[in-house]
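Here the structure comes first, spelled out in structure tokens, and everything after it is commentary.
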Amino acid sequence: MSNTLHQFQDDDLAGVRPVIEKIVTARDAWKKVRAKIEYFDKTGRLPEIKKPAVVSNTADTASISELKLEIARLNTNISKARKKLELTPDHKKAELWQQDLLKMEAIKAEYKTKIIEMTYATTQ
């Protein structure tokens, strides 16, 4: 691709721009591949692919017992987060912990609402 740049006039920026974009795209892809290779050389395994967290997927497809289990897990995590905030309120990650705590409490409330809806929907 870079060999085609000499075919353009020096002042032909509009013609050169797509070629440069292709070169930059190819270079970025090559850097990603090289980073994976270097990671493999250092660790002996490929890097893990991060999956996005699914927040309320469980509430949509779960049974009542699964939701109760998730609430129990959330209760444990909420308790740990509260203790961590009480012990180290001045920590640099305290705001992040507070946000996580609020998210967990919101998910817990959503699961409780879902259990109530599922219970009364099955009894009618």
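Projected label points at D10 and I37, each 7 Å from Cα along the beta carbon direction, are separated by 3.7 nanometres. Annotation for region 74-106: trypsin sites (Lys or Arg not before Pro) lying in DSSP loop with at most 12 further Cβ atoms inside 10 Å of their Cβ are K92, K93.
What you get for the chain, charging only the Cβ of Lys and Arg (+1) and of Asp and Glu (-1), is a dipole of about 640 debye around the Cα centre. In the calculated pair-distance distribution of the chain, the portion above 17 angstrom amounts to 74 percent of the Cα-Cα pairs. Projecting the Cα atoms of V24, T4, I64 onto the charge dipole of the chain, computed from C-beta unit charges around the Cα centre, puts I64 farthest toward the positive end. Per-residue ellipticity at 222 nm computed for the chain from its helices equals -25500 deg cm²/dmol, with DSSP H segments shorter than 4 residues left out and the rest contributing -39,500 (n - 2.57).
Compactness ratio for region 57-123: Cα radius of gyration over 2.2 N^0.38 Å (N = residue count) comes to 1.32. Hydrodynamic radius of region 2-43 by the Kirkwood approach over all distinct alpha-carbon pairs: 12.1 Å. Each label was represented as a point 7 Å from its Cα along the Cα-to-Cβ direction; for V24 and A94 these points are 4.3 nm apart.
Taken together, the values in this text are just the output of simple stated rules run on the coordinates, not laboratory data. If you're wondering where the values come from, they're calculated on a predicted model, not measured in any experiment. As a convention, Cβ positions derive from the backbone with ideal geometry for all residues, glycine included, and neighbour counts pool all protein chains shown.
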